[in-house]
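Readers should treat all values here as calculations from the given coordinates under stated rules, not as data from a laboratory. Here the structure is a predicted model, which is why all the values come from computation and not from measurement. Cβ: placed from backbone, ideal geometry, glycine included. Neighbour counts: every protein chain shown.
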Amino acid sequence: MDAFYASVEQLDDPSLKGKAIAVGGSSDRGVISAASYEARKFGVRSAMSSTVARKLCPELIFVKHHFERYKEVSQQVRAIFFEYTDLVEPLSLDEAYLDVTENKKGNPSASLIAEEIRAKILEKTGLTASAGISINKFIAKVASDYNKPNGQKTVIPGEVLDFLENLDIKKFYGVGKVTQKKMYALGIYTGADLKTKTEAYLTQNFGKSGAHYFRIVRGIHNSPVKPHRTRKSIGAERTFNENLASEIYMEARLKELSDELERRLLKSKVAGKTITLKIKYSDFTLHTRSKTLSYYISDASLLFEVAKELLYQQKMENSVRLLGLSLHNLNNTKKVKEVPKNVDVQLEFKF
């Protein structure tokens, strides 16, 4: 969906339409969850501090979250998806992959299906969506950003290689700011530049991800649409009203996070082996530390002990504005029914 949270708020409150709004806290400690396209023109983005956002856009209107409402709209949109195919892989409340190679409407055109779905979303919710259509999830994902908002992009098989070669490397899904900076330093600015590098060279410079970059620039991404995605981690985090200046104060907060994480694990009926501590300092630098155990845990007291061990692995570099605790390597891995390997048309919707 297009600027989903912000668009829902503008839909529910017509006085906000056409205005620069941000969903999130307006305090100096607040963080932006979503920004309307009007706000984005000023450089306001999600995950940005409210203080920075306000400086960029003095007229910015802050709106509180209404997650239950977002879930309600998301369910309406997904119901539309299932009118066309059961192969729907939700990525979040506002995004999903669809495989429409064989669809319930018997429509051979994925592009026309995307147009129909977008029209139905607009009719039933009053919101706009954008879509990417291509031969695999990676290219569909990249294409979904191409004509946003309220547009779609189809990359047919014969155009895939040219499309990827002419693409700025920062547009490749999975290439974040750090990787982008490193690629630029290596003279890799476009897909064409990336394609000149050998798999050995990319692996040497980017580790395991190197092989992935080698494949995707050649249009190879053999990941089927998985209707039943296995959850890979469960976590909890807190941004504090005042920065934490010592480990003693951080311990108390970690105890609260451990208790919260235990509740979430019990609700999901899972345990895990890898505990990760996330620390965001007052200058917004982010550090993570992890430890993998030889056994599964979900107990708050055990989570807290490991969290403390991770906390004291390294001295504080600054005061802390956010702490997070998550558990990975969960014991919920079940064999999922495989999608047939002849799948060749996939859509990626952002809503």
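At-a-glance table
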| item | result |
| --- | --- |
| Global form of segment 75-217, assessed from the alpha-carbon gyration tensor, a/c cut-off 1.5 | prolate |
| Local electrostatic count at THR51 - Lys and Arg +1, Asp and Glu -1, tallied over other residues with Cβ under 9 Å | +2 |
| Neighbourhood charge, 10 Å Cβ-Cβ cut-off, centred on ALA35 and excluding it, Lys, Arg +1 and Asp, Glu -1 | +2 |
| Between helix 67-81 and the chain: long-axis angle, C-alpha atoms, 0 to 90°, nearest 10 | 30 degrees |
| Pairs of Cα atoms farther than 28 Å apart, the chain, % | 55 percent |
| Value of D in µm² per second that Stokes-Einstein yields for segment 249-309, Kirkwood Rh from Cα pairs, at 20 °C (1.002 mPa s) | 176 µm²/s |
| Using alpha-carbon coordinates, inclination of helix 300-311 to the longest axis of the chain, degrees | 90 degrees |
| Nearest-ten-degree value, helix 110-125 long axis tilted from longest Cα axis of the chain | 60 degrees |
| Mean ellipticity per residue at 222 nm, deg cm²/dmol - from DSSP H runs of n ≥ 4 across the chain, formula -39500 (n - 2.57) | -11000 deg cm²/dmol |
| Alpha-carbon centroid distance for the pair segment 152-182 / segment 26-92, whole angstrom | 24 Å |
| Prolate/oblate/rounded label for segment 135-178 (Cα gyration tensor, a/c 1.5) | oblate |
| Per-residue Cβ neighbour rank within 10 angstrom, fewest leading, PHE138, PHE214 | PHE214, PHE138 |
| Around ILE169: net Lys/Arg minus Asp/Glu count, Cβ-Cβ under 13 Å | +4 |
